[in-house]
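Participant: Shown below is the structure under consideration.
The values are calculated or read from the model by the stated rules, or taken from the named source; none is laboratory data. Only a predicted model underlies this, so the values are computations on that prediction, with no experimental measurement involved. Backbone-built Cβ (ideal geometry, glycine too); neighbour counts: all protein chains shown.
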Amino acid sequence: MASMLGGPADTVAQALLGLMLCRRFEDGVVVRGRIVETEAYAGVEDAASHSFGGRRTARNEAMYGRAGMAYVYFTYGMHWCMNVVCATQGDPQAVLLRAIEPVEGIDRMETNRLANPKAARVLPEAQIGAGPARLCAAFGIDRAWNGSDLLKGGERGERLWLEPGVVPAVVVLGPRIGIDRAGEPWVSKPLRFGDAGSPSLSRRFR
């Protein structure tokens, strides 16, 4: 898996589809979700990336780390989002996890989501992790997880990791969401990837 994550963001974004994102909570409960939607951010040349133009700050420092690290950031003053760092150390490319399909620990995911007073009171199972903020809320992911090594499985002490899963039968592509300020050609580039058969996509693909 480490070698897979060492590629460019657009390649890794597709390769992550079907993998399992896993977390073990302090009380021993494990949650797992199958990754079904991603977005690629191609580093310093990508006008939609936090590292565009070589920008390097305390906020995005994890993007410059090793492939397989988590880059977690706060956005819109209310949401956490999580990326998987890829490419090589010093080349700040990353893949945003946009949606997961709940597989294990669904009750815990729902409880975490409902802890947010703005969350809907009734949550269809397919929508629990359908969106980058919903995903992080369901898994209880916040800034404390920034820089975590996702390649160290739960048996080795890490409490947030990736596992092999089921590869999608059909992958769909489209433009990324919410990056209008980046301008062309980045707004239109097909750097959003999804499992065409999943009910948990954050939005439909055109």
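Participant: Taking residue 26 as the residue in question, decide whether it is surrounded by fewer than 22 Cβ atoms within 10 Å (Cβ to Cβ) and more than 17 Å from residue 151 (Cβ to Cβ).
Facilitator: Considered against the rule, which asks whether it is surrounded by fewer than 22 Cβ atoms within 10 Å (Cβ to Cβ) and more than 17 Å from residue 151 (Cβ to Cβ), residue 26 comes out as yes.
Participant: Okay, next question. Out of (1) under 14 Å from the mean Cα position of the chain (by Cα); (2) surrounded by fewer than 21 Cβ atoms within 10 Å (Cβ to Cβ), what's the single condition that is false for residue 100?
Facilitator: With (1) under 14 Å from the mean Cα position of the chain (by Cα); (2) surrounded by fewer than 21 Cβ atoms within 10 Å (Cβ to Cβ) applied to residue 100, the lone miss is (2).
Participant: Kindly indicate whether any position in the range 75-91 is among the polar types (S, T, N, Q), in contact with a His (Cβ under 8 Å, 6 or more places away or on another chain), under 17 Å from residue 142 (Cβ atoms) and at pLDDT 95 or above.
Facilitator: Looking for residues that are among the polar types (S, T, N, Q), in contact with a His (Cβ under 8 Å, 6 or more places away or on another chain), under 17 Å from residue 142 (Cβ atoms) and at pLDDT 95 or above, one finds none in the range 75-91, hence no.
Participant: Taking the stated definitions as given, is residue 188 modelled with pLDDT under 95, closer than 29 Å to residue 78 by Cβ and either out of contact with any Cys (no Cβ under 8 Å at 6 or more places or on another chain) or among the basic types (Lys, Arg) (or both)?
Facilitator: no
Participant: Please find, within the range 176-206, the residue that is farthest from residue 102 (Cα to Cα) out of those that are of a type in the set (Lys, Arg) and surrounded by 14 or more Cβ atoms within 10 Å (Cβ to Cβ).
Facilitator: Per the stated criteria, the residue is 189.
Participant: Okay, next question. Could you check the range 1-23 and list, in sequence order, the residues that are modelled with pLDDT of 95 or more and either of a type in the set (Lys, Arg) or over 23 Å from residue 186 (Cβ atoms) (or both)?
Facilitator: 6, 18, 19, 20, 21, 22, 23
Participant: While we're here: Out of the range 122-142, which residues are under 13 Å from residue 102 (Cα atoms), free of Cβ contacts under 8 Å to residues at least 24 places away in the same chain and part of a loop (DSSP other than H, G, I, E, B)?
Facilitator: Hits for the range 122-142 are 123, 124.
Participant: Still on this structure, please answer the following. Return only the number of the condition from (1) modelled with pLDDT under 95; (2) outside any loop (DSSP other than H, G, I, E, B); (3) not β-branched (Val, Ile, Thr) that residue 162 does not satisfy.
Facilitator: Result: residue 162 passes all but (1).
Participant: Looking at this structure, is residue 73 in contact (Cβ under 8 Å) with a residue 12 or more places away in the chain, within 30 Å of residue 110 (Cβ to Cβ) and touching a Ser or Thr at 6+ places or on another chain (Cβ under 9 Å)?
Facilitator: Spelling it out, it is not the case that residue 73 is in contact (Cβ under 8 Å) with a residue 12 or more places away in the chain, within 30 Å of residue 110 (Cβ to Cβ) and touching a Ser or Thr at 6+ places or on another chain (Cβ under 9 Å).
Participant: Ok, one more. Any chance the range 82-95 includes a residue that's farther than 28 Å from residue 128 by Cβ, in contact with a Gly (Cβ under 6 Å, 6 or more places away or on another chain) and small (Gly, Ala, Ser)?
Facilitator: Within the range 82-95, none of the residues are farther than 28 Å from residue 128 by Cβ, in contact with a Gly (Cβ under 6 Å, 6 or more places away or on another chain) and small (Gly, Ala, Ser).
Participant: Would you confirm, using the coordinates I've provided, whether residue 55 is among the basic types (Lys, Arg) and surrounded by 22 or more Cβ atoms within 10 Å (Cβ to Cβ)?
Facilitator: no
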